[in-house]
Amino acid sequence: MTEVTDRISRRQVDKFAERRAQLATSALRTLSELGYARTSLREIAQNSEFSHGVLHYYFRDKVELITACVRQYKAECVTRYDEIVVTATTAEGLHKDFADALATTCREDASMHRLWYDLRNQALFEESFRKDVLEIDQTLELMIWRVVTTYADLAERPLTVTPSTAYGVLDGLFTQALLRHLAGVPNATEDLAAAAHQTLPKLLEP
């Protein structure tokens, strides 16, 4: 009887998590367009097929919803870059694929990344965001470190930087390019690819 009860309980938990994921996906577009400060749960409901009551049942408040949205999207981003690492056979191939991927996601998913930086900035002021933001940030740092260490292995050259330095440098380039792209600066994403291509070798010993 306990085993059956446990199975039912696990199934209910899985369904709840699946439903939250569906709601987060639905809300992500509205949040990414309007940003954290200008969006309420009611407004998100008005721009989706779900009611305000349903959103409130699955998420305590806007903080929990926006965090779930960003966490879900960033998990997808990590998967994309991990695929580049897994399929890389040469340092130059990884070098090019990574730089191109940065430019592509900056161009095609600009509003989504803008939401992440909005959330990260809010964490400087709102303690309720900090734990989740730090966890997401750590995930991204580890993702970049997997790219950088694989590149170093394929190039057969040792690294000269720490994980946080590598992440800080590449994230800084990405943030700068994102702002320029959103501002309509010509060739902002192409310049990002060129900067990443130029920077990656500098993380290794000559």
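The values are calculated or read from the model by the stated rules, or taken from the named source; none is laboratory data. Values in this document were obtained by computation on a predicted structure and should not be read as measured data. Cβ sites come from the backbone with ideal geometry, for glycine too, and all protein chains shown count toward neighbours.
Taking the numbered list (1) more than 21 Å from ARG180 (Cα to Cα); (2) crowded, with 16+ Cβ neighbours inside 10 Å in turn, ARG114 passes all entries but (1). When the residues of the stretch 1-25 are filtered to those that are polar (S, T, N, Q) and either modelled with pLDDT of 75 or more or part of a loop (DSSP other than H, G, I, E, B) (or both), the one that is nearest to TYR58 (Cα to Cα) is GLN22. Of all the criteria given as (1) of a type in the set (Phe, Trp, Tyr); (2) free of Cβ contacts under 8 Å to residues at least 40 places away in the same chain; (3) more than 17 Å from CYS106 (Cβ to Cβ), the one not satisfied by TYR167 is (3).
Among the residues of the stretch 80-108, those that are not hydrophobic (A, V, I, L, M, F, W, C) and not in a helix (DSSP H, G or I) comprise THR89, THR90. Scan the stretch 17-39 for residues that are surrounded by fewer than 17 Cβ atoms within 10 Å (Cβ to Cβ) and of a type in the set (Phe, Trp, Tyr) and the total you get is 0. From the list GLU135, GLU108, GLU141, the lone residue that is modelled with pLDDT under 95 and within 12 Å of the chain's Cα centre (by Cα) is GLU135.
Of all residues in the stretch 84-132, those that are over 28 Å from PRO201 (Cβ atoms) and either in contact with a strand residue (DSSP E or B) (Cβ under 9 Å, 6 or more places away or on another chain) or touching a residue at least 40 places away in the same chain (Cβ under 8 Å) (or both) total 11. Of the set (1) in contact with a Phe, Trp or Tyr (Cβ under 9 Å, 6 or more places away or on another chain); (2) among the charged types (D, E, K, R); (3) under 15 Å from VAL78 (Cα atoms), all apply to ARG120 but (3). Can you tell me which residues in the stretch 61-92 are at pLDDT below 90 and either under 30 Å from ARG157 (Cβ atoms) or touching a Gly at 6+ places or on another chain (Cβ under 8 Å) (or both)? Within the stretch 61-92, LYS74, CYS77, VAL78, THR79, ARG80 qualify. Residues considered: ASP153, ASP191. Of these, the only one that is among the acidic types (Asp, Glu), within 27 Å of GLY35 (Cα to Cα) and free of Cβ contacts under 8 Å to residues at least 60 places away in the same chain is ASP191.
For every residue, the table says whether it meets (1) of a type in the set (D, E, K, R); (2) in contact with a Cys (Cβ under 7 Å, 6 or more places away or on another chain); (3) crowded, with 17+ Cβ neighbours inside 10 Å.
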residue	(1), (2), (3)
LEU119	no, no, yes
GLN122	no, no, yes
GLN138	no, no, no
LEU142	no, no, no
THR149	no, no, no
GLU156	yes, no, no
VAL161	no, no, no
GLN176	no, no, no
THR189	no, yes, yes
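For ALA101, the conditions (1) farther than 17 Å from TYR36 by Cα; (2) surrounded by fewer than 18 Cβ atoms within 10 Å (Cβ to Cβ); (3) not charged (D, E, K, R) are fulfilled apart from (2).
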